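One structure is given below, encoded as structure tokens.
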């Protein structure tokens, strides 16, 4: 489900991450939550990524990436909005991606869920949105 009005943006680094993205979208569909799903590589298309981040009305970014997994950190370096990283197990059992996501420098926070666990990223995003709604009322 892609919508012009969404609170969550899901960005995957490549087509090979689509299975994990499907976990996120399936869970968000169950919640009835609108989202935007795009494929943008932090390495191959940094200008497109910058443009997307700057124009997005999303409140939360979910970034799915394997190998060097630079995507979540790149997004976090360009926004003050929450970023949830989902490491994908492509090589080394996904530990390379996991460590790339959690070892961010001070001031560039990225939340991280388990390897190949897109469903938990959706649940975490929904918990964040619930807190915002409780504090501020409905956010659209």
What nm distance separates the two modelled labels at residue 120 and residue 57, each placed 7 Å from Cα along Cα→Cβ? 3.2
Quick one: helix 46-55 against the long Cα principal axis of the chain, what's the angle to the nearest 10°, folded into 0 to 90? 10
Which one is right for this structure if semi-axes √(5λ) of the Cα gyration tensor in Å is calculated from it: (1) 26, 21, 15; (2) 22, 16, 15; (3) 28, 17, 11? (2)
Run the numbers on segment 84-140 and let me know its relative contact order in percent, using alpha-carbon pairs under 8 Å that are six or more apart. 34
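Let me check against my output: what whole-number percent is the relative contact order of the chain, with C-alpha pairs under 8 Å and at least 6 apart?
Values: 280 pairs, mean separation 34.3, N = 140.
Rounded, it is 24 percent for the chain.
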Can you give the calculated 222 nm mean residue ellipticity of the chain, where each DSSP H run of n ≥ 4 adds -39,500 (n - 2.57) and the sum is split over every residue, rounded to the nearest 500 deg cm²/dmol? -12500 deg cm²/dmol
Hey, in the GNM for the chain with a 10 angstrom Cα cutoff, which one of 72, 109, 46 fluctuates hardest? 46
Between residue 132 and residue 68, what is the label-point separation in nm under the 7 Å Cα-to-beta-carbon projection? 3.0
Which parts of segment 98-116 would a label at residue 81 reach, counting a residue when its backbone N lies under 19 Å from a point 7 Å out along Cα-to-Cβ? 108-113
For the chain, set up a Gaussian network in which alpha carbons nearer than 10 Å are linked by springs, and say which option among 13, 73, 93 fluctuates the most. 93
With a Förster distance of 22 angstrom and the Cβ-Cβ distance between residue 102 and residue 16, calculated FRET efficiency to the nearest 0.05 equals 0.55
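Quick note: the coordinates plus some simple rules give every number you see, no bench work behind them. Bear in mind that the values here come from a model prediction, so they are computed numbers and not experimental data. Don't worry about glycine lacking a Cβ; one is built from the backbone with ideal geometry, like all the others, and counts go over all protein chains shown.
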